[in-house]
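Read through the structure below, which is laid out as structure tokens, and then see the notes.
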Amino acid sequence: MTADVWLPIPPEEIEGLPEGPNYRFWDGGEDFPADPADCVFYVVPYMKAPELGQRPLPGMTSVQVVQTLSAGIDHVEPGLKHLRPGVRLCNARGVHEASTAELTLTLILASLRGVPDFVRAQDRGEWLGGFRPALADKNVLIVGYGSIGAAIEDRLAPFELARVARVARSQRTMARGLVHPLTELPALLPEADVVILSTPLTENTRHLVNSDFLARMKDGALLVNVARGAVVDTKALLAEVERRRITAALDVTDPEPLPREHPLWRAPGVLISPHVGGPTSAFLPRAERLLRDQLSRFLNHRPLRNVILTTGATGIRPTDATSAQQPDETGT
């Protein structure tokens, strides 16, 4: 048996890969690059359909590490049931923070200042003036305060906000202040002018933003989703935006891609970007840096970074908290 590493980036394009294994390029094509049984380290193709990334897993009888190039793991987690015990699943913490935080600020500012209206007016040759909301003096609530949530707050800092509130699964204190537990979310929602979703998609966060969540948001508030589409109940959101009670800026939707005739495209006060929080010029150098480091650690039997969970004898069990990077962050 050979020791193969499957990469979704051509290995000759990644400078400084450690020597030793056989590097195989596979970005989701119909044919596998080699026998999946020989793969010991599998890097899941990026921005591909979940079923595609999961397809080789049943044959990967020797795999020891499954590495995603996304912060979220929901697209690969269902396939882990095919793997033997002890396989580590790692995410791409450190790769997407800059790009996703940039897009989050772009969506907020574009929505508040009416940039979509200006673009449509430009197409008509119309000078569209008037007052618009500013981000200054607003209360912002970040739901999901992992590394991406923190990167978003870093970029909010210069905007003279009245307050930033943070919510994660459990309470903790950070350098910037208190992170509230999820149980306090209902009390925080009515105070927020802008609500940012940067939480992973799990069974606990699926449709977290439901009719009750939305009803607690103040009139005129902006909902920004850079997490996963299914964190939001689309039907409930449509009901609120069609009443023009709140507005929304969405980098992710449910369903996704959004069908051409879906009413969300035409809903008032809704700005949609096509899941572009991660794929920017910042992605490749950070992804390559992560892969070089992880493979060096793996080959030298050193602890891996970003271990989210380890497969167990009776299913999937979380990795010990001291080594896991728990993903209170977006699924970019």
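Do the conditions hold for Arg93, that is, is it under 12 Å from the mean Cα position of the chain (by Cα) and in a loop (DSSP other than H, G, I, E, B)?
Working: under 12 Å from the mean Cα position of the chain (by Cα): yes; in a loop (DSSP other than H, G, I, E, B): yes.
Yes.
Is it fair to say Pro285 is assigned to a loop (DSSP other than H, G, I, E, B) and either assigned by TED's automatic domain parsing to the domain that holds Gly144 or over 14 Å from the mean Cα position of the chain (by Cα) (or both)? Answer is no for this residue. Counting the residues of the stretch 285-306 that are within 19 Å of Ser147 (Cβ to Cβ) and of a type in the set (A, V, I, L, M) gives 4. Can you list residue pairs whose Cβ atoms sit under 9 Å apart, with the first residue in the stretch 208-220 being assigned by TED's automatic domain parsing to the domain that holds Thr247 and on the phi > 0 side of the Ramachandran plot and the second being surrounded by 14 or more Cβ atoms within 10 Å (Cβ to Cβ) and assigned to a loop (DSSP other than H, G, I, E, B)? Count only pairs 6 or more apart in sequence or on different chains. As it stands, the answer is Gly220/Pro133; Gly220/Asp193; Gly220/Arg245; Gly220/Ile246, since those pairs meet every condition given. Taking the listed residues Asp31, Asp74, the one that is closer than 30 Å to Ala221 by Cα, out of contact with any strand residue (DSSP E or B) (no Cβ under 9 Å at 6 or more places or on another chain) and not aliphatic (A, V, I, L, M) is Asp74, with no other qualifying.
What about Pro78, is it more than 25 Å from Glu153 (Cα to Cα), at pLDDT below 95 and in the same structural domain as Gly312 (by TED's automatic domain parsing)? Spelling it out, Pro78 is indeed more than 25 Å from Glu153 (Cα to Cα), at pLDDT below 95 and in the same structural domain as Gly312 (by TED's automatic domain parsing). Of the residues making up the stretch 22-50, those that are in a helix (DSSP H, G or I) and either modelled with pLDDT of 95 or more or among the hydroxyl-bearing types (Ser, Thr, Tyr) (or both) number 3. The set of residues from the stretch 215-238 being aliphatic (A, V, I, L, M), surrounded by fewer than 19 Cβ atoms within 10 Å (Cβ to Cβ) and under 28 Å from Asp137 (Cβ atoms) comprises just one member, Ala215. Within the stretch 125-182, the set of residues being surrounded by 13 or more Cβ atoms within 10 Å (Cβ to Cβ), among the β-branched types (Val, Ile, Thr) and over 11 Å from Ser198 (Cα atoms) comprises Val140, Val164, Val179. Within the option set Thr205, Thr280, being hydroxyl-bearing (Ser, Thr, Tyr) and surrounded by 17 or more Cβ atoms within 10 Å (Cβ to Cβ) holds for one residue only, Thr205. For the criterion of being surrounded by 14 or more Cβ atoms within 10 Å (Cβ to Cβ) and over 17 Å from Leu222 (Cα atoms), Ala101 fails.
Just one of the listed residues (Val252, Val307, Val241) is more than 19 Å from Ala92 (Cα to Cα), β-branched (Val, Ile, Thr), surrounded by 15 or more Cβ atoms within 10 Å (Cβ to Cβ) and in contact (Cβ under 8 Å) with a residue 24 or more places away in the chain, namely Val241. Pick from the stretch 55-81 the residues that are assigned to a helix (DSSP H, G or I), over 22 Å from the mean Cα position of the chain (by Cα) and without any contact (Cβ under 8 Å) to a residue 40 or more places away in the chain: which of them is surrounded by the fewest Cβ atoms within 10 Å (Cβ to Cβ)? Ranking the qualifying residues of the stretch 55-81, first place goes to Pro58. Among the candidates Asp27, Asp38, Asp4, the residue that is within 23 Å of Arg292 (Cα to Cα), acidic (Asp, Glu), in contact with a helix residue (DSSP H, G or I) (Cβ under 8 Å, 6 or more places away or on another chain) and free of Cβ contacts under 8 Å to residues at least 60 places away in the same chain is uniquely Asp4.
The values are calculated or read from the model by the stated rules, or taken from the named source; none is laboratory data. Fair warning: this is a prediction, and the values are worked out from it, not measured in the lab. Neighbour counts run over all protein chains shown; Cβ positions are idealised from the backbone, glycine included.
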